[in-house]
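Student: Dropping the structure in here first, questions after.
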Amino acid sequence: MDTRTKERLMNKNAIPSSLEIENLLGDKAIQRLNKFENFLTSHYDFVRELKFPFGNNYGWGYKYTHKSKMLCYLFFEKGSFTVTITIGKRELKGLYQELDNMLPKTKTLWEKRYPCGEGGWIHYPVENDHELQDIQKLIYIKKKPKQLSR
């Protein structure tokens, strides 16, 4: 788990409103979240659910799925967000083919992942658009995008 102490929405019994989420994230993170969801809209038939998963360590966030495939979780933080994504055995070949084209931060986070089988979980604090692009690459690796109609 990310050891930074970021303010998050941690009250499991108080479902946050859109306004509370926006106030916590702030303008820059909201813009980045909108870019992320625009990416998902153009490449996947995704569903977004507001969730409080994984016990009391992460707080409220969005779970994104494509059909029955979980793409990632996005956890709200003060001024930013963290994307949690799992890479499984089937995705390892694609990941290793792309890893050298990714940011050093992405490589480090993969090396320090929470292991799960042969793959693992990455908790990726997204602070800029370059990091968001790497998250998009990871999602491409996890689930090939839908065919765009011509």
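The values are calculated or read from the model by the stated rules, or taken from the named source; none is laboratory data. Since the structure is predicted, the reported quantities are computational estimates derived from the model, not experimental observations. Glycine gets a Cβ as well: all are built from the backbone with ideal geometry, and neighbour counts include every protein chain shown.
Student: If only one of GLY94, GLY79 is out of contact with any strand residue (DSSP E or B) (no Cβ under 7 Å at 6 or more places or on another chain), surrounded by 11 or more Cβ atoms within 10 Å (Cβ to Cβ), under 18 Å from HIS130 (Cα atoms) and not β-branched (Val, Ile, Thr), which one is it?
Tutor: Working: GLY94 fails: under 18 Å from HIS130 (Cα atoms).
So the residue among GLY94, GLY79 that is out of contact with any strand residue (DSSP E or B) (no Cβ under 7 Å at 6 or more places or on another chain), surrounded by 11 or more Cβ atoms within 10 Å (Cβ to Cβ), under 18 Å from HIS130 (Cα atoms) and not β-branched (Val, Ile, Thr) is GLY79.
Student: Next question. Tally up the residues in the range 41-77 that are free of Cβ contacts under 8 Å to residues at least 60 places away in the same chain, touching a helix residue (DSSP H, G or I) at 6+ places or on another chain (Cβ under 9 Å) and not aliphatic (A, V, I, L, M), please.
Tutor: Selection size over the range 41-77: 5.
Student: A further question follows. Going residue by residue through the range 112-128, is there one that turns out to be part of a helix (DSSP H, G or I) and either out of contact with any helix residue (DSSP H, G or I) (no Cβ under 6 Å at 6 or more places or on another chain) or on the phi > 0 side of the Ramachandran plot (or both)?
Tutor: no
Student: If LEU74 meets every condition in (1) within 24 Å of LYS35 (Cα to Cα); (2) at pLDDT below 95; (3) surrounded by 14 or more Cβ atoms within 10 Å (Cβ to Cβ); (4) not hydroxyl-bearing (Ser, Thr, Tyr) apart from one, which number is that one?
Tutor: (2)
Student: Could you go through the range 96-118 and let me know if any residue there is within 27 Å of ALA14 (Cα to Cα) and β-branched (Val, Ile, Thr). Walk me through it before giving the result.
Tutor: Step one: of the range 96-118, the residues within 27 Å of ALA14 (Cα to Cα) are none.
No - not one qualifying residue is present in the range 96-118.
Student: Of all residues in the range 97-115, how many are β-branched (Val, Ile, Thr) and surrounded by fewer than 18 Cβ atoms within 10 Å (Cβ to Cβ)?
Tutor: Step one: filter the range 97-115 for residues β-branched (Val, Ile, Thr), giving 106, 108.
Cutting the leftovers down to surrounded by fewer than 18 Cβ atoms within 10 Å (Cβ to Cβ) gives us 108.
The number of residues fulfilling the criteria is 1.
Student: What are the residue pairs meeting all of these: first residue in the range 94-110, first residue within 16 Å of LYS142 (Cα to Cα) and free of Cβ contacts under 8 Å to residues at least 40 places away in the same chain, second residue among the basic types (Lys, Arg) and exposed (fewer than 14 other Cβ atoms within 10 Å of the Cβ), Cβ atoms under 9 Å, and 6 or more apart or on different chains?
Tutor: From residues that are within 16 Å of LYS142 (Cα to Cα) and free of Cβ contacts under 8 Å to residues at least 40 places away in the same chain, the pairs are LEU99/LYS107.
Student: Specify which of the listed residues (LYS78, LYS28) is in contact with an Asp or Glu (Cβ under 6 Å, 6 or more places away or on another chain) and among the basic types (Lys, Arg).
Tutor: LYS78
Student: Ok, one more. Just wondering, is there one or more residues in the range 70-89 that are outside any helix (DSSP H, G or I), more than 23 Å from ILE141 (Cβ to Cβ) and among the basic types (Lys, Arg)?
Tutor: Yes, there is a match, as at least one residue in the range 70-89 is outside any helix (DSSP H, G or I), more than 23 Å from ILE141 (Cβ to Cβ) and among the basic types (Lys, Arg).
Student: Taking into account only those residues within the range 16-61 that are surrounded by 12 or more Cβ atoms within 10 Å (Cβ to Cβ) and among the charged types (D, E, K, R), which is farthest from the chain's Cα centre (by Cα)?
Tutor: GLU20
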